[in-house]
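Note sheet for the following structure.
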Amino acid sequence: MSQRIISVVAALIRDPAGRVLLVRKRGTAAFMQPGGKRGVGESDVAALSREIAEELGCRIKDTSAQALGVFDCPAANEPGFQVNAAVYAVDVDGAIEPGAEIDQVIWVDPGVLPDLPFAPLTRDFILPLARSL
């Protein structure tokens, strides 16, 4: 049986103190990076810009997107699926407010993590990467 794959783009957003922004989608438990699926014909950065605007109400600063890599791991909210995530470090402008399907937004110190459920992508790839930046 071939694996079912969800292809997404995800953002590593940090504040001046180095904390990482995480979101929790409505009806789920795991905290993860903001982002989502690409629309037809959308580039990674265009998709990420759209998702950030929809989910957080802010915008990605022009030319701030920096590719960090593409990672494969189990999907947090879709059992039996794998996520293939293109991850970008981005800077944002504007107030960050939960919108679209986002229930909660938090900032975490990647070196001192709270006892929260994290999506596999966030736990296994993004937070370790954030600690090394």
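Every read-out reported here was derived from the displayed coordinates using simple, explicitly stated rules and does not represent laboratory data. What you see is a predicted model, and the numbers here were worked out from it, not measured in a lab. Using ideal geometry, Cβ is built from the backbone for each residue, glycine included, and neighbour counts are taken over all protein chains shown.
Points to keep in mind about this one:
- Count of residues meeting criterion [of a type in the set (Gly, Ala, Ser) and either farther than 23 Å from Arg26 by Cβ or exposed (fewer than 13 other Cβ atoms within 10 Å of the Cβ) (or both)] in the range 95-124: 2
- The lone exception for Ala46 - which of (1) more than 14 Å from Val105 (Cβ to Cβ); (2) not aromatic (Phe, Trp, Tyr); (3) not in a helix (DSSP H, G or I) it fails: (3)
- Subset tally (residues that are surrounded by fewer than 21 Cβ atoms within 10 Å (Cβ to Cβ), part of a helix (DSSP H, G or I) and either in contact with a Cys (Cβ under 8 Å, 6 or more places away or on another chain) or not aliphatic (A, V, I, L, M) (or both)) for the range 49-92: 3
- For the range 61-81, the tally of residues that are among the β-branched types (Val, Ile, Thr) and closer than 16 Å to Val23 by Cα stands at 0.
- The range 57-72, residues that are in contact (Cβ under 8 Å) with a residue 24 or more places away in the chain and closer than 14 Å to Val45 by Cβ: Arg59, Ile60, Lys61, Ser64, Ala65, Gln66, Leu68
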